[in-house]
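Quick notes on the structure that follows.
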Amino acid sequence: MAGYKLSVMEKIGFGAGDMAVNVVISSMMLIITFFYTDIFGLKAADVAILFLVVRLIDAVTDPLMGMLTDKFTTRWGRYRHYFLFMAIPFGISVFLTFSTPDLDYNGKLVWAYATYIFVTLMFTAVTIPYISIIGVLTDCPKERLSANGYRLFFAKIAAFLVTIIVPVLAAQWGEGQLATGYQAAMGLMGAMASLLFLFCFFNTTERLQHQVETKPFFSQLKLLLKNDQWLILCAVCVTGTIGYVIRGSVAAYYAKYYLGGDATMLSAFLSTGVVAAILAMVASTWITKHHCKVKLFRTSQIVVAVLSVLLFVLVKPGDIWLAFVLYFLLSFVVDLHAPVFWSAIAEAVDYGEHKTGQRVSGLAFGGISFCQKAGMGIAGFVVGSLLTFFDYQPDQVQSEFSLLGIALMLSVIPGFFHLLMGLLMYKYKITDNFYQDMVAGQIEPPKPEQASAAIQLVNAK
């Protein structure tokens, strides 16, 4: 199966899985903070703590899920059966998370914790198998990159639906009761996600079989920590997710309060970012056919930092058209790196096997999933804390100080994290040529003393 080419239908099936995943990711990154403060009725400080506390659960569940995928296989393979059995619970969890019960404040806070934990557990149960499956569909780097281009294209379609369809449907179906409208609209998204996971299950095939480690957790962790390239991707994942989620979370506030828009403008502003991201998937796939994918990753994130500063400096409250143009450009450049990153994870796992002689797969993908959710949790905590610090008042005219905070959270603050992510990628060395030479045996594994020195260097940094 070396260099196996995937059919277009299988790439679409693979992409459908990420479309399902991104019903949750997009809602968590783009609307859930706004939902909790302006519709559900939680205080921004309580939302901040909620996001951070739930990530502590991920510290346990993500590695466990990764090890579970390593330990058990079925007649469908190592990963696909999770899409079949968890599709319906996943959709239900989305519906419950965006339901607003008629309870007092403390009761609603308990409901928010219970449902957010539930959706997070369901997210873990499907996401770790999903991000792992690309390693057994094909072992061709170009095919993996192409398949990830498909998945991220469909992911952005999901984000587009969440940002443009959900606010409109919520307003129409709620008939003045936005809480009811969001429950119905996100219920529809949850049902769609369930069907997409089933489509993914029936249209993908696990072809490759890897001998993975089933040693105890700490033995696998010790092996994984020797993989310096995986460690770099972990740091990249955390920093990049923090920047992405801070910007995405505050975009709704920016459109409503900084630009002075209504629900229609809010939907249009969020959708502008998603459309730009969709186009970025297409552009990234084309660029990486002709240029080094790692260089694209580094350069794009540094450019993001520059555009972020320009957005903050040039756009004043009410400058609608300039804000839309710069936000489009920013969102386009931000996502040029996305197909590269998700392809790099599978290659970093192969690199770890080459380096140590033992393959740690499930825990590696579980670790990346935890890093992504840790970044989401940190970002959610930062957004909630900053909204509190800048004296944000839900559904009221904001002070100049509050507007300054909202502008900073959309531009300079996330831009700093993207700059850091781009600089970290200068430590990443698995280019296409490096990977091909490694697979061909032209790159010798480091000697034990060299590997030890490399880990000490990474740990020191």
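The values are calculated or read from the model by the stated rules, or taken from the named source; none is laboratory data. Here the structure is a predicted model, which means the values were calculated and not measured. For neighbour counting, all protein chains shown are included, and Cβ atoms are generated from backbone atoms with ideal geometry for every residue, glycine included. Accessible surface is based on the protein model in full, side chains and every heavy atom, while ligands, DNA and RNA are left aside. Shrake-Rupley method; radii C 1.70, N 1.55, O 1.52, S 1.80 Å.
In the set (1) outside any helix (DSSP H, G or I); (2) of a type outside the set (D, E, K, R); (3) open to solvent by less than 10 Å² (accessible area, probe 1.4 Å), the condition left unmet by Gly318 is number (3). Note on segment 123-164: residues that are in contact with a Gly (Cβ under 8 Å, 6 or more places away or on another chain) and either surrounded by fewer than 22 Cβ atoms within 10 Å (Cβ to Cβ) or among the aromatic types (Phe, Trp, Tyr) (or both) amount to 8. Return yes when Val60 is at pLDDT below 90 and among the aliphatic types (A, V, I, L, M) and no when it is not. It is true that Val60 is at pLDDT below 90 and among the aliphatic types (A, V, I, L, M). Counting only residues that are basic (Lys, Arg) and surrounded by 23 or more Cβ atoms within 10 Å (Cβ to Cβ), how many does segment 254-291 have? Selection size over segment 254-291: 0.
For Ser343, indicate whether it is touching a Pro at 6+ places or on another chain (Cβ under 8 Å) and either open to solvent by less than 10 Å² (accessible area, probe 1.4 Å) or at pLDDT 90 or above (or both). Yes.
Out of curiosity, is Leu311 open to solvent by less than 60 Å² (accessible area, probe 1.4 Å), assigned to a helix (DSSP H, G or I), at pLDDT 95 or above and not small (Gly, Ala, Ser)? Yes; evaluated as a whole, the condition is true for this residue. The one condition from (1) open to solvent by 50 Å² or more (accessible area, probe 1.4 Å); (2) polar (S, T, N, Q); (3) closer than 30 Å to Arg298 by Cα that Gln229 does not meet is (1). When segment 234-253 is limited to residues that are over 20 Å from Val24 (Cβ atoms) and surrounded by 24 or more Cβ atoms within 10 Å (Cβ to Cβ), the one that is nearest to the chain's Cα centre (by Cα) turns out to be Val236. Scanning segment 103-117 for residues that are surrounded by 17 or more Cβ atoms within 10 Å (Cβ to Cβ) and free of Cβ contacts under 8 Å to residues at least 24 places away in the same chain returns Trp111, Thr115. Among the residues of segment 201-216, those identified as assigned to a loop (DSSP other than H, G, I, E, B) and either open to solvent by 30 Å² or more (accessible area, probe 1.4 Å) or modelled with pLDDT under 75 (or both) are Asn203, Thr205, Glu206, Arg207, Gln209, His210, Gln211, Val212, Glu213, Thr214, Lys215, Pro216. Among the conditions (1) assigned to a helix (DSSP H, G or I); (2) closer than 30 Å to Phe35 by Cα, Ser219 misses just one, which is (2).
Within segment 416-427, residues that are among the small types (Gly, Ala, Ser) sit with their Cβ atoms under 8 Å from residues that are assigned to a helix (DSSP H, G or I) and open to solvent by less than 60 Å² (accessible area, probe 1.4 Å), at 6+ positions apart or across chains, in these pairs: Gly422/Phe297; Gly422/Arg298; Gly422/Ser300; Gly422/Gln301; Gly422/Ile302; Gly422/Val304; Gly422/Ala305. Scanning segment 1-50 for residues that are among the polar types (S, T, N, Q) and surrounded by fewer than 24 Cβ atoms within 10 Å (Cβ to Cβ) turns up Ser7, Thr37. Looking at Thr69, Thr61, which is the one that is over 18 Å from Phe197 (Cα atoms), among the polar types (S, T, N, Q) and open to solvent by less than 50 Å² (accessible area, probe 1.4 Å)? Of Thr69, Thr61, the one residue that is over 18 Å from Phe197 (Cα atoms), among the polar types (S, T, N, Q) and open to solvent by less than 50 Å² (accessible area, probe 1.4 Å) is Thr61.
Only residues that are touching an Asp or Glu at 6+ places or on another chain (Cβ under 7 Å) and assigned to a helix (DSSP H, G or I): list them for segment 1-50, please. Matches in segment 1-50: Asp38 only. With the condition kept exactly as written, say whether any residue in segment 98-106 is at pLDDT 85 or above and in contact with an Asp or Glu (Cβ under 8 Å, 6 or more places away or on another chain). Checked segment 98-106: no residue is at pLDDT 85 or above and in contact with an Asp or Glu (Cβ under 8 Å, 6 or more places away or on another chain).
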